[in-house]
Amino acid sequence: MTEFAGEGRPLGPSAFDGVLRRLGIGAAELWAVIRVETAGVGFLPDRRPVILFERHWFSRLTDGRHDEVAPEISSRRPGGYGARGAHQYERLARAIALDRRAALESTSWGLGQLMGLNARAAGFADVETMVAAMVESEDAQLEGMAAFIDGQGLAPFLARRDWAGFARRYNGPGFRRNRYDEKLAAAHARYAGGSLPSLEVRAAQLRLTYLGEDPHGIDGFAGPRTAAALRAFQRRVGLPVTGELDEATARALEEAVRAEAVAVV
C-alpha cells in the first residue's frame, strides 16, 4: 500500500462534539478553523492526509546540512511550496530520503495542519505515532489539533473570537501576511449567520471523491453537484437512482471505500 494512505475515515459526530466540549467553543468557531486550515477537508482524493512541507523547518531541524544540495526542500527562507495536494508528497519523499524524522516533523498534517514537530505537544509519543494517527481518520486529526490548542492555552482566544490572538499563536507571528485572522473571521461569520455543515453529507462527499465521483467540494451541504455524484454512484452499484443520501447509499459508500482500501494493500 502507498505509504501515508489508509481508509481515510471522515470526521464523525462523536469526535466533533468531544472537541467542542474539550475546548469550550461553539461549532461555528471550530468549523472556521477547519475551513481556513485545509479548505475543510483532511484527506486528498487518494486517501492521504492533506499536508504542507515546510522547507525552512527542514533546514532548521537538520542544521542546514542539505541547503546547498537541495535548496527546493531545505532552505532558511520559507516558501517554495509549489502546488498543493500530491506535489507536497513529492517534496516530502525527497526530504525523507535525507532525514525521515526531520522531514515528518517539518510537515503540517490533516484538518488542523498540525506540524509534526508539535507531536508531543499534541499528546503523541513521537512524530511517527502522530503521522499514523493522521493517516487513520479525520477524527484523529481533529483530536490532535484540539489537544495542541488546549495544551497551548489557545482555546480562550477561539471562545472569545479573538482571531488575531489565535492566529498569532497557532499560525505564527507572520499570520497577517496570509490574512489568517481575516479569513477566520469571514469563515466564522458565514457559519454563525447561516447553516452549519452536515457531518453525514460531508462524509458522503469525501467518500465520493475517493471513489472518483466528484461532488465539487467537501463542505457538508447537499447541493446539485453532490446529488449528481450520488446518482452516479447509485447507478454504479445498483441502488435506486435518487441523488438522495439515504441510509442504504451511505452504507454502500462506506463499504465501497473500505473494500478499495483493502484492495490496494
Next item on the list: Round to a whole angstrom and tell me the spacing of the C-alpha centers of segment 139-213 and segment 1-40.
Entry: 8
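Which order results if Ser198, Ser59, Ser74 are arranged by neighbouring Cβ count within 10 Å, fewest first?
Listed from fewest to most nearby Cβ atoms, that is Ser198, Ser59, Ser74.
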Next item on the list: Among Leu142, Ile73, Pro49, pick out the residue whose Cα is farthest towards the positive end of the charge dipole of the chain, where Lys and Arg carry +1 and Asp and Glu carry -1 on C-beta, about the Cα centre.
Entry: Ile73
Next item on the list: With label points built 7 Å along Cα→Cβ from the Cα atoms of Arg120 and Asp17, find their separation and express it in nm.
Entry: 3.6
Note to self: Given the -39500 (n - 2.57) contribution per DSSP H run of 4+ residues, what per-residue ellipticity at 222 nm results for the chain, rounded to the nearest 500 deg cm²/dmol?
What the structure shows: -16000 deg cm²/dmol
Note to self: What does the extension gain come out to for Glu90 and Arg258, with contour length at 0.36 nm per residue minus their alpha carbon separation?
What the structure shows: 57.9 nm
Notebook entry, point to check: Not counting the cut sites, what is the longest span of the chain without trypsin sites (Lys or Arg not before Pro) that DSSP labels loop and that have at most 12 other Cβ atoms within 10 Å?
Noted result: 161-265
Item checked: Folded to 0 to 90 degrees: helix 127-136 orientation relative to the chain principal axis, Cα -> 20
Margin query: Please list 3J(HN,Hα) in residue order for segment 44-51, calculated via the Karplus relation 6.51 cos²θ - 1.76 cosθ + 1.60 where θ = phi - 60°; whole Hz, with x for glycine and proline.
Written below: 7, x, 8, 6, 8, x, 5, 9
Notebook entry, point to check: Any idea what % of Cα-Cα pairs in the chain are farther than 30 Å?
Noted result: 30
Notebook entry, point to check: Taking only Cα atoms, what is the 0 to 90° angle, nearest 10, from helix 27-38's long axis to the longest principal axis of the chain?
Noted result: 60
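Bear in mind that the values in this text are calculations on the coordinates, not laboratory data. Quantities reported herein were computed from a predicted structural model and do not represent experimental measurements. Methodologically, a virtual Cβ is constructed for each residue, glycine included, from the backbone with ideal geometry; neighbour enumeration extends over all protein chains shown.
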